[in-house]
Every structure is written in C-alpha cells, then in structure tokens.
Amino acid sequence: MFKKVNRILPIIVISQFCCTTLWFAGNGVINELIENFNLHSNALGLLTSGVQFGFIIGTLVFAILTIADRFSPSKVFFTCALLGAFLNLGILFEGNNLTTLLSIRFLIGFFLAGIYPVGIKIAVDYFDVGLGKSLGFLVGALVLGTAFPHLLKDVTNLHDWRNVLITTSILAGFGGFIMLLFVPDGPYRKPSQKVNFFAFLNVFKHEKFRSAAFGYFGHMWELYAFWTFVPVILTNYSLNQQISFNIPFLSFVIIGVGSLACISSGYVSKLIGVKRTAFGSLFLSCLCCIISPLLLTTDYEIALIVFLLFWGMVVVADSPLLSTLVAQNAPLQLKGTAITIVNCIGFAITIISIQILNSFTNVTDSNFIYMILAIGPILGLISLRKKKKIIL
C-alpha cells in the first residue's frame, strides 16, 4: 500500500501542473490579446479577475452541491480538465471581443474549481500522515503551472502566440486523462451520501477550522495580486531605469520559484510544525509588502530581482500549510466541501485586491500601492496567533 501511495503522488502533481497552466494562459499572451482584439490596456486586470470570478462561482456551486464529497474526485477532475482545455482553445476564435474573452475566461475559472481544490481533496484522500509535505508538492505544481504560460511566451516569442494557448490546452487534457487512468479513489475517502445545502456553512462552526481559514484568506489577499502584477512591476522598472528585461522569462522565474518554496516549507513543517512554518512565511511576505516601495525603486537591478525572487518564494510558501490546517480541522466527511468553500472565499478576496491595484495603476505609477497587499497578511497573522491550538 505504501509503495502504491508513493507512486500516486507524482501523478497527482503532474496532473495538477498540466491543468493549472490554464489559469494564467491569457496573462502570458495579454499583449497579443490586446493587439489582436483591440482591447483596452486594463484588460490584464479584467481577464485575470474574470478567471477568479469564474473560480469563485464554480467553487460555490461545487461546495453547495458537495460534488467533491459525493462523486469520484478523479472523475470530477478529468471532466473539468477536458472542458477547461476545450474552452481555452476558444480564445483563438478571430471574432472574439472583450465580452467573449471575459466569458471564456470566466468558464475556464469555473471548471478550474474542479481541478485545484479537487486535486487537494484527492491528495487528502491518500495522505493522512505527512499531509503538509504532500500538499507542498501539490501546491508547488499549481505555482509552476501558473507561471508556465510566461515561459511558453518567452520560448515561442518568435512564433505564433496562439501556440501558448494550444500547448496549455494539450497539457490540461493530458493531465485530466492521467488522473482518470492512474488515480482511483483514495483509501481515506469518506464519501457523503446526500446533498447538504448548508454543509459549506456548517464547517465554519468549528473554531480551529475558522482560524485556519481566516489565515488562508489573509494569504490570498496578497498572493494572486502579486502574481498578476509581477510583469507590470518589471515593465515599469525597465521603463523608469531605461533598461531591457526579458519580462516573460523573469515573470516565470519569479512566480515559478514559489514551487520550490512550497516543497521546502512542507519539509520544514515536519521539523517545526505546520502552523509555525505557515506563520513565519506569512510574516515574511507581509514584510515584503511593507518594504516594497524601497526595493522597487532601487537603482540596482540585481537587488530588485533578488527581492522579487524572495517575495515570490515567501508569498506562496504558506499556501500548502494553510490548506493542510484547513483539511485537518474540517469534518471527516466534508473535507472536499470545506476545502472548496475556503478556496471560494479566498479567491473572491483576490478579485478585490487585484481590482484595487488595477484601479491605482490607472491613476498613478507609485510603487507605494503595493503596500496595500500587507493588509491581508496582517489579518491572517492575527487569526493564526489565536491562543487555541490548531492541529499540527
């Protein structure tokens, strides 16, 4: 059994990576979308929020219907991966405009609700001991998948930008198929037998669960806003300093390095505890938000890159640990629903922070706006500092 479980984790990780490339596929070719479909320059924030909003509605529907707890998670994952891949190809349609692109990205986000949280649910069904380490690999795959379109854009820069969308769709389809074929329902899965429309609310009655969830919400305020605006930060810096950056490649590295941080934090958590490791990472990312005006205006480009790399690590290193705390403190038969509703609320929060930053970038080029991202980590730290202990 142990050997079988060890073989399962790499498949889950590969599937998660392949399918989450859909998330920022539009961001990777945003300049080409703006040019080809005559979009406004603020389309980046709109298209990113479109995916987030779709994900929110999707997770809400999945949570209310307790889909991840009533049906085979692997089959749910496969179905959503295939539909997401198909919709991603719809962006290639030449008659698209902002409305149709937002609709497509919304639907992709909706079906990502059956990929990311369901992928975590599948891992939870297989791993009881060492869940933090396992989710470190899984969330690391999400981070790498999120960053991958930027690398594809760099690699295919001399070729048709449509290749980025075609490649991410192929990867998503492949990820869904291998999950269906090689990952049966896990040994710790406790399926729910009926629909409970209030299950997603009832999980918040547990104080330990609330504390973990609120810590996750604070983390999410910062995470996707940072990821979304990494290319903007690099572009503005290169213009102000009159230097040339390979922005797609640097964006991939700055976001993608977080995958290594997720894996590392999983191992560290085995030594000092899940909650303590998550708290430390959230504190460091909060510090990055606060000092960002100083580092984003430095005359030394190396200092900027090192700072962004460090921020890219600590901004997401706590994500698998907070997800672990949420899963460990959720009712046994509602773990899938609990994970999904927490994702739903967390991603709703990302829309607010992304749109606030998007609004500020339209009226000012000041780097002080990124200090706003510290609000979430501060509130998350307060929640995690509650005296009552969370399961470690």
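The values are calculated or read from the model by the stated rules, or taken from the named source; none is laboratory data. Worth saying up front: this structure is predicted, and the values here are computed from it rather than measured. As a convention, Cβ positions derive from the backbone with ideal geometry for all residues, glycine included, and neighbour counts pool all protein chains shown.
In this entry, residue 363 is excluded by the filter for residues that are at pLDDT 90 or above and either touching a strand residue (DSSP E or B) at 6+ places or on another chain (Cβ under 6 Å) or of a type outside the set (Asp, Glu) (or both).
Just one of the numbered conditions (1) part of a helix (DSSP H, G or I); (2) surrounded by fewer than 24 Cβ atoms within 10 Å (Cβ to Cβ); (3) of a type in the set (Asp, Glu) is not true of residue 94: (1). Within region 66-84, residues that are under 17 Å from residue 187 (Cβ atoms) have Cβ atoms under 6 Å from residues that are small (Gly, Ala, Ser) and in a helix (DSSP H, G or I) in these pairs: 68/336; 69/336, counting only partners at least 6 apart in sequence or on another chain. Here residue 178 qualifies as farther than 30 Å from residue 250 by Cβ, surrounded by fewer than 20 Cβ atoms within 10 Å (Cβ to Cβ), of a type outside the set (D, E, K, R) and at pLDDT 80 or above. Screening region 322-331 for residues that are among the polar types (S, T, N, Q) and assigned to a helix (DSSP H, G or I) and picking the one that is farthest from the chain's Cα centre (by Cα) gives 328.
Residues in region 210-242 that are of a type in the set (Gly, Ala, Ser) and under 17 Å from the mean Cα position of the chain (by Cα): 213, 215, 218, 225.
Is there a residue being surrounded by fewer than 21 Cβ atoms within 10 Å (Cβ to Cβ), under 17 Å from residue 319 (Cα atoms), more than 15 Å from the chain's Cα centre (by Cα) and aromatic (Phe, Trp, Tyr) anywhere in region 243-252? Within region 243-252 (the criterion being surrounded by fewer than 21 Cβ atoms within 10 Å (Cβ to Cβ), under 17 Å from residue 319 (Cα atoms), more than 15 Å from the chain's Cα centre (by Cα) and aromatic (Phe, Trp, Tyr)), the answer is no, since none of the residues qualifies. Which of the helices (runs of 4 or more DSSP H) contained wholly in region 1-69 include at least 3 residues that are of a type outside the set (Asp, Glu) and crowded, with 24+ Cβ neighbours inside 10 Å? Ranges flagged: 2-20, 25-28, 43-64. For residue 275, state whether it is under 17 Å from residue 316 (Cα atoms), among the basic types (Lys, Arg) and either in contact with a Ser or Thr (Cβ under 7 Å, 6 or more places away or on another chain) or assigned to a helix (DSSP H, G or I) (or both). Yes, satisfied.
Residue 382: within 30 Å of residue 272 (Cα to Cα) and hydrophobic (A, V, I, L, M, F, W, C), yes or no? Yes: the conditions hold for residue 382.
The rows are residues; the columns are (1) within 18 Å of residue 131 (Cβ to Cβ); (2) modelled with pLDDT under 90; (3) in a helix (DSSP H, G or I); (4) in contact with a helix residue (DSSP H, G or I) (Cβ under 7 Å, 6 or more places away or on another chain).
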| residue | (1), (2), (3), (4) |
| --- | --- |
| 320 | yes, no, yes, yes |
| 334 | yes, yes, yes, yes |
| 343 | yes, yes, yes, yes |
| 355 | no, yes, yes, yes |
